[in-house]
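Participant: Questions regarding the structure given below will be posed in turn.
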Amino acid sequence: MGPEALPLGPYGGAAAAALLLWVVCVLCRRKRKTGEPPLINGWIPYLGKALLFRKDAFKFLLDQQKKLGDIFTVHIAGRYITFIMDPFQYVYVIRNSKQLEFHEFADKMASKTFDYPALSNVKFPDLKENLHRIYQYLQGKPLEIISDHMMKNLQDIFEWKCSQATDWETEKMYKFCCSVMFEASFVTLYGRVPAADGRKVISEIRDKFIKFDASFPYLAANIPIELLGATKKVRKELIHHFLLQNMTKWLGGSKVVQARQDIFEKYELLGDYDKAAHHFAFLWASVGNTIPATFWAMYYLLRHPEALAAVRDEIDHLLQSTGQKRGPTYNIHLTREQLDNLVYLESALNESLRMCSSSMNIRISQEDFVLKLEGDQEVSLRKGDWIALYPQILHMDPEVYEDPKKYKFDRYIENGKKKTTFYKAGRKLKYFLMPFGSGISMCPGRFLAMNEMKMFLFLLLAHFDVELGENKAVRLDNSRMGLGILLPDTDIAFRYKLRSLRN
Ligand code: HEM
């Protein structure tokens, strides 16, 4: 029977062809081989389970785990992704950086998203290694220096923005966090824009950044930028801000950005636009997660008065014991040790990171091989398959964290000290909190990020009385699931007022 004989109406030919294509796709789709994990193909050619996964990855993965156990492979948008759900098995993925590669995948995604040529291009020998080497400027002594600069820049901004708040001022919380953290991070990393309207230039870059960032989940999902409205134009404008002729005018930038600049200058085949695109990518990495994470830390503190009181007590105590005064001059100084010893602040921050982070740790199998796991378990993987850890499941596991949906600001404190032992089924976990990724793909800015967020909260609570300005629930917006810190689904008003210097 030819297609014309099918009762399909005027579009019968096309419908029959589509049906035929679908049948071929279904017949040709991957079949599970011996030793491989259970396979979930889905019925939609190419997409597989992409729609369900994108709708709510967390729920989708939990549902599959209930049905199939701790290891399974899912067909998602043309890729086969094997999820390792048992946190005791994480280590076997994380330490196998030879067969399970990360950089090639990250390089492809980042170069496309931020519009620079891939680092792996033979025209740029050792560029990736050279860039990785300078992450040392985000650790040890250089970390102390850059953190000090951040503290000073944060205080400048608080003084400029808020020091007139002798009576209650109301602002939107996300907008506030974004404005303060963006400017402070920008000036700390890239320097001050010395023109009379320098602040305005940075706020223009911030506004474009927000527009670009809104398209980030689509770019990460491989949607062509041409389909994303003005995103391509905005990205180009953003990159242009980072051309050498602009950057050389900025004053007092960081060692890490200077070192990146020096490296790029050694590569003659890297164009001016490409270098600028690299700088823009680094800016995105440095604020894209820090801003929403700061928002959640502040939001949860304000929603929980007992947490706010405990953290503020700790801050006041530190100021008092170090003879420092909060006040109109805004020149508080915190050593690394002092920042490190703020156990309540750190615990509250970790607790909000536990609740709002959703990054998927991806590795790519370099060959067909058998991944050895704990207790003589093993699993066959094919070359090119993705292997994924999804720590949000661990963060929300009631066996690890009692009442996981509840914010408990002191969850990471035990006997007045940092708590670092967490258990599942009576066994101690090596990994229990992973907002910054793992192993070879772990965030090189994690120490700076923690310091920045602590300093923001420290200054806010030291100088101001702060409270929520409206009574509405803010929820996680799931559109970035798997990509880092989730954004809030709405902004919320808060009020602040300078604290009296007497109490
Ligand atoms: C709360 C704040 C932050 C979070 C949650 C976070 C999280 C992450 C995660 C999960 C990754 C790995 C991505 C992957 O596996 O594909 C990553 C990579 C990265 N992060 Fe962060 N990050 C934060 C702040 C920062 C800051 C402040 C900086 C720099 C100043 C930074 C610089 C980077 C860079 C450069 C990479 C890519 C590393 C590479 O070349 O492989 N991050 N971050």
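Participant: Any idea which residue in the range 324-339 is farthest from SER163 (Cα to Cα), counting only those that are more than 16 Å from the ligand (Cβ to nearest atom) and aliphatic (A, V, I, L, M)?
Facilitator: LEU334
Participant: So, PHE72, is that one under 30 Å from PHE212 (Cβ atoms) and buried (at least 16 other Cβ atoms within 10 Å of the Cβ) or not?
Facilitator: Answer is no for this residue.
Participant: Under 6 Å by Cβ, and 6 or more places apart or on different chains, what pairs join a residue from the range 421-448 that is closer than 25 Å to LYS255 by Cα with one that is in a loop (DSSP other than H, G, I, E, B) and of a type in the set (Phe, Trp, Tyr)?
Facilitator: ILE440/PHE102; SER441/PHE102; MET442/PHE436; CYS443/PHE436; ARG446/PHE436
Participant: On to the next question. Within the group LEU349, LEU353, LEU394, LEU342, which residue is under 27 Å from LEU433 (Cα atoms), more than 16 Å from the ligand (Cβ to nearest atom) and not charged (D, E, K, R)?
Facilitator: After applying the criteria, what remains is LEU342.
Participant: Do you know which residues across the range 118-138 are touching a helix residue (DSSP H, G or I) at 6+ places or on another chain (Cβ under 6 Å) and surrounded by fewer than 18 Cβ atoms within 10 Å (Cβ to Cβ)?
Facilitator: If the condition is that a residue be touching a helix residue (DSSP H, G or I) at 6+ places or on another chain (Cβ under 6 Å) and surrounded by fewer than 18 Cβ atoms within 10 Å (Cβ to Cβ), then ALA118, SER120 are the ones that fit.
Here's the yes/no breakdown for (1) of a type in the set (Asp, Glu); (2) within 16 Å of the ligand (Cβ to nearest atom); (3) under 25 Å from the mean Cα position of the chain (by Cα); (4) surrounded by fewer than 17 Cβ atoms within 10 Å (Cβ to Cβ):
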position: MET247; (1), (2), (3), (4): no, no, no, no
position: GLY253; (1), (2), (3), (4): no, yes, yes, no
position: GLN258; (1), (2), (3), (4): no, yes, yes, yes
position: ASP272; (1), (2), (3), (4): yes, no, no, yes
position: GLY288; (1), (2), (3), (4): no, yes, yes, no
position: VAL311; (1), (2), (3), (4): no, no, yes, no
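Participant: I'd like to verify a number: residues in the range 356-376 that are free of Cβ contacts under 8 Å to residues at least 60 places away in the same chain and touching a strand residue (DSSP E or B) at 6+ places or on another chain (Cβ under 9 Å), how many?
Facilitator: Summing the residues that are free of Cβ contacts under 8 Å to residues at least 60 places away in the same chain and touching a strand residue (DSSP E or B) at 6+ places or on another chain (Cβ under 9 Å) in the range 356-376 gives 1.
Participant: Select from the range 413-440 the residues that are under 21 Å from the mean Cα position of the chain (by Cα) and either crowded, with 18+ Cβ neighbours inside 10 Å or more than 8 Å from the ligand (Cβ to nearest atom) (or both) and list them in ascending order.
Facilitator: Hits for the range 413-440 are TYR431, PHE432, LEU433, MET434, PRO435, PHE436, GLY437, SER438, GLY439.
Participant: Give me the pairs, please: first residue somewhere in the range 177-190 and closer than 21 Å to ILE492 by Cα, second residue anywhere and outside any helix (DSSP H, G or I), beta-carbon distance under 6 Å, and either six or more positions apart or on two chains.
Facilitator: So the pair list comes out empty.
Participant: Counting only residues that are touching a His at 6+ places or on another chain (Cβ under 9 Å) and touching a residue at least 60 places away in the same chain (Cβ under 8 Å), which one in the range 112-131 is nearest to the ligand (Cβ to nearest atom)?
Facilitator: Top of the filtered list is LEU131.
Participant: Another question about this same structure. Mind checking whether some residue in the range 187-203 is farther than 21 Å from GLN261 by Cβ, modelled with pLDDT of 95 or more and assigned to a loop (DSSP other than H, G, I, E, B)?
Facilitator: Within the range 187-203 (the criterion being farther than 21 Å from GLN261 by Cβ, modelled with pLDDT of 95 or more and assigned to a loop (DSSP other than H, G, I, E, B)), the answer is no, since none of the residues qualifies.
Participant: Another one. Can you tell me which residue in the range 445-503 is farthest from the ligand (Cβ to nearest atom), limited to those that are modelled with pLDDT under 95, outside any helix (DSSP H, G or I) and small (Gly, Ala, Ser)?
Facilitator: Only one residue tops the list, namely SER500.
The values are calculated or read from the model by the stated rules, or taken from the named source; none is laboratory data. Since the structure is predicted, the reported quantities are computational estimates derived from the model, not experimental observations. Quick reminder, even Gly has a Cβ in these numbers, built from the backbone with ideal geometry, and neighbours come from all protein chains shown.
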